[in-house]
1. Applying the selection to the range 125-136, what residues are touching a residue at least 60 places away in the same chain (Cβ under 8 Å) and either of a type in the set (A, V, I, L, M) or surrounded by fewer than 24 Cβ atoms within 10 Å (Cβ to Cβ) (or both)?
2. Which residue is nearest to the chain's Cα centre (by Cα), if the candidates are limited to the range 89-109 and must be at pLDDT below 95 and not in a loop (DSSP other than H, G, I, E, B)?
3. Is it true that G112 is surrounded by fewer than 17 Cβ atoms within 10 Å (Cβ to Cβ) and not aromatic (F, W, Y)?
4. Is at least one residue of the range 1-23 charged (D, E, K, R), part of a helix (DSSP H, G or I) and either under 13 Å from G116 (Cβ atoms) or over 16 Å from the mean Cα position of the chain (by Cα) (or both)?
5. Would you confirm whether any residue within the range 63-72 is under 19 Å from T133 (Cβ atoms), within 12 Å of the chain's Cα centre (by Cα) and surrounded by fewer than 16 Cβ atoms within 10 Å (Cβ to Cβ)?
6. Of all residues in the range 49-71, which are farther than 15 Å from L114 by Cα, out of contact with any Lys or Arg (no Cβ under 7 Å at 6 or more places or on another chain) and not acidic (D, E)?
7. Considering S57, S61, which residue is in a helix (DSSP H, G or I), of a type in the set (G, A, S), in contact (Cβ under 8 Å) with a residue 60 or more places away in the chain and closer than 16 Å to V136 by Cα?
Amino acid sequence: MSTTTAVAPLTTSDAEALLAAARRAADTHGVPVSITVLDAGGHLLAFRRDDRAVLISGETSTRKAFTALQLNAPTADLVPAVQPGAPFHTLPTALDRPLLFIAGGVPVHRDGRLVGAIGVGGGAPEQDHAFATAAVDTLG
(Lines give C-alpha, C1' and ligand atoms only; values in the text may rest on other atoms or scores of the structure.)
Protein backbone atom coordinates (compact mmCIF):
# COMPACT_ATOMS: atom_id res chain seq x y z
CA MET A 1 0.00 0.00 0.00
CA SER A 2 1.42 3.34 -1.06
CA THR A 3 1.39 6.21 1.38
CA THR A 4 2.42 8.73 -1.25
CA THR A 5 -0.12 11.44 -1.87
CA ALA A 6 -0.15 13.51 -5.01
CA VAL A 7 0.64 17.16 -4.68
CA ALA A 8 -0.79 19.56 -7.24
CA PRO A 9 1.94 20.99 -9.43
CA LEU A 10 2.61 24.68 -9.76
CA THR A 11 0.25 25.90 -12.47
CA THR A 12 0.44 28.76 -14.93
CA SER A 13 -2.21 30.49 -12.83
CA ASP A 14 -0.03 30.06 -9.71
CA ALA A 15 2.97 31.38 -11.62
CA GLU A 16 1.07 34.45 -12.79
CA ALA A 17 -0.12 35.08 -9.22
CA LEU A 18 3.47 34.82 -7.95
CA LEU A 19 4.67 37.17 -10.66
CA ALA A 20 1.96 39.71 -9.88
CA ALA A 21 2.61 39.58 -6.13
CA ALA A 22 6.37 40.04 -6.55
CA ARG A 23 5.76 42.90 -8.94
CA ARG A 24 3.39 44.61 -6.48
CA ALA A 25 5.99 44.29 -3.73
CA ALA A 26 8.71 45.75 -5.96
CA ASP A 27 6.44 48.53 -7.24
CA THR A 28 5.63 49.53 -3.65
CA HIS A 29 9.33 50.26 -3.19
CA GLY A 30 9.83 51.76 -6.64
CA VAL A 31 12.26 49.03 -7.69
CA PRO A 32 12.19 47.85 -11.33
CA VAL A 33 12.81 44.10 -11.40
CA SER A 34 12.76 40.93 -13.44
CA ILE A 35 10.83 37.96 -12.09
CA THR A 36 11.14 34.30 -13.09
CA VAL A 37 8.90 31.43 -11.98
CA LEU A 38 9.99 27.83 -12.62
CA ASP A 39 8.07 24.58 -12.11
CA ALA A 40 9.48 21.61 -10.17
CA GLY A 41 11.33 20.40 -13.27
CA GLY A 42 13.07 23.74 -13.74
CA HIS A 43 10.92 24.73 -16.71
CA LEU A 44 9.88 28.34 -17.22
CA LEU A 45 6.27 29.05 -16.23
CA ALA A 46 6.35 32.85 -16.14
CA PHE A 47 8.80 35.69 -16.72
CA ARG A 48 8.56 39.46 -16.68
CA ARG A 49 11.14 42.23 -16.89
CA ASP A 50 10.05 45.75 -16.04
CA ASP A 51 10.89 48.27 -18.75
CA ARG A 52 13.34 50.07 -16.46
CA ALA A 53 14.96 46.97 -14.97
CA VAL A 54 18.62 46.48 -15.80
CA LEU A 55 19.03 43.97 -18.61
CA ILE A 56 21.10 41.50 -16.59
CA SER A 57 18.26 41.19 -14.07
CA GLY A 58 16.47 38.81 -16.43
CA GLU A 59 19.38 36.40 -16.27
CA THR A 60 19.93 36.82 -12.55
CA SER A 61 16.26 36.25 -11.70
CA THR A 62 16.29 33.00 -13.68
CA ARG A 63 19.53 31.76 -12.14
CA LYS A 64 18.33 32.62 -8.63
CA ALA A 65 15.10 30.66 -9.20
CA PHE A 66 17.04 27.70 -10.59
CA THR A 67 19.47 27.69 -7.66
CA ALA A 68 16.65 27.87 -5.09
CA LEU A 69 14.91 25.00 -6.88
CA GLN A 70 17.95 22.75 -7.20
CA LEU A 71 19.03 23.19 -3.58
CA ASN A 72 15.51 23.57 -2.16
CA ALA A 73 16.55 26.61 -0.16
CA PRO A 74 16.34 30.38 -0.44
CA THR A 75 19.46 31.69 -2.12
CA ALA A 76 19.81 34.20 0.73
CA ASP A 77 20.42 31.24 3.06
CA LEU A 78 23.04 29.75 0.73
CA VAL A 79 25.34 32.77 0.38
CA PRO A 80 27.47 31.86 3.45
CA ALA A 81 27.95 28.28 2.16
CA VAL A 82 29.83 29.45 -0.96
CA GLN A 83 32.26 31.82 0.76
CA PRO A 84 35.96 30.87 0.78
CA GLY A 85 36.52 27.95 3.15
CA ALA A 86 32.81 27.07 3.30
CA PRO A 87 31.47 23.63 2.27
CA PHE A 88 30.04 24.73 -1.11
CA HIS A 89 32.81 27.20 -1.99
CA THR A 90 33.51 25.58 -5.38
CA LEU A 91 29.88 24.76 -6.24
CA PRO A 92 29.20 27.91 -8.29
CA THR A 93 31.94 26.94 -10.75
CA ALA A 94 32.00 23.14 -10.34
CA LEU A 95 28.88 22.44 -12.36
CA ASP A 96 27.86 23.44 -15.84
CA ARG A 97 24.58 24.76 -14.44
CA PRO A 98 23.24 28.31 -14.09
CA LEU A 99 23.61 28.57 -10.29
CA LEU A 100 23.72 31.99 -8.65
CA PHE A 101 24.26 32.45 -4.94
CA ILE A 102 22.79 35.92 -4.47
CA ALA A 103 19.64 36.58 -2.43
CA GLY A 104 16.42 36.69 -4.44
CA GLY A 105 15.61 33.04 -5.19
CA VAL A 106 12.99 31.24 -3.09
CA PRO A 107 11.64 27.70 -3.44
CA VAL A 108 7.87 27.21 -3.61
CA HIS A 109 6.31 24.41 -1.56
CA ARG A 110 2.83 22.96 -1.55
CA ASP A 111 1.79 20.54 1.21
CA GLY A 112 5.45 20.33 2.24
CA ARG A 113 6.65 19.36 -1.26
CA LEU A 114 8.84 21.37 -3.60
CA VAL A 115 6.74 22.43 -6.61
CA GLY A 116 8.83 25.24 -8.09
CA ALA A 117 10.76 28.40 -7.39
CA ILE A 118 10.68 32.15 -7.94
CA GLY A 119 13.62 34.41 -8.62
CA VAL A 120 13.71 38.20 -8.48
CA GLY A 121 16.56 40.35 -9.79
CA GLY A 122 17.09 44.06 -10.23
CA GLY A 123 17.06 45.43 -6.72
CA ALA A 124 19.55 45.04 -3.90
CA PRO A 125 19.81 41.36 -2.92
CA GLU A 126 17.88 41.94 0.31
CA GLN A 127 15.10 43.66 -1.64
CA ASP A 128 14.93 40.87 -4.22
CA HIS A 129 14.66 38.30 -1.41
CA ALA A 130 11.90 40.28 0.29
CA PHE A 131 9.93 40.60 -2.97
CA ALA A 132 10.23 36.88 -3.74
CA THR A 133 9.29 35.90 -0.19
CA ALA A 134 6.31 38.24 -0.23
CA ALA A 135 5.10 36.58 -3.42
CA VAL A 136 5.47 33.04 -2.04
CA ASP A 137 3.64 34.07 1.13
CA THR A 138 0.59 35.06 -0.95
CA LEU A 139 0.31 31.72 -2.72
CA GLY A 140 -1.27 29.92 0.21
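The values are calculated or read from the model by the stated rules, or taken from the named source; none is laboratory data. Treat the numbers as computed from the prediction; the structure is a model and nothing was measured. Don't worry about glycine lacking a Cβ; one is built from the backbone with ideal geometry, like all the others, and counts go over all protein chains shown.
1. Step one: list which residues in the range 125-136 are touching a residue at least 60 places away in the same chain (Cβ under 8 Å), which gives 127-128, 130-132, 134-136.
Those that are touching a residue at least 60 places away in the same chain (Cβ under 8 Å) and either of a type in the set (A, V, I, L, M) or surrounded by fewer than 24 Cβ atoms within 10 Å (Cβ to Cβ) (or both): Q127, A130, A132, A134, A135, V136.
2. Here the residue is P92.
3. It is true that G112 is surrounded by fewer than 17 Cβ atoms within 10 Å (Cβ to Cβ) and not aromatic (F, W, Y).
4. yes
5. Taking the range 63-72 as the starting set, the residues that turn out to be under 19 Å from T133 (Cβ atoms) are 63-72.
Retained after the next criterion (residues that are within 12 Å of the chain's Cα centre (by Cα)): 63-72.
Retained after the next criterion (residues that are surrounded by fewer than 16 Cβ atoms within 10 Å (Cβ to Cβ)): 72.
Yes, that holds for at least one residue.
6. In the first step, residues of the range 49-71 are kept if they are farther than 15 Å from L114 by Cα; the result is 49-64.
Retained after the next criterion (residues that are out of contact with any Lys or Arg (no Cβ under 7 Å at 6 or more places or on another chain)): 49-56, 59-64.
Scanning the range 49-71 gives R49, R52, A53, V54, L55, I56, T60, S61, T62, R63, K64.
7. Of S57, S61, the one residue that is in a helix (DSSP H, G or I), of a type in the set (G, A, S), in contact (Cβ under 8 Å) with a residue 60 or more places away in the chain and closer than 16 Å to V136 by Cα is S61.
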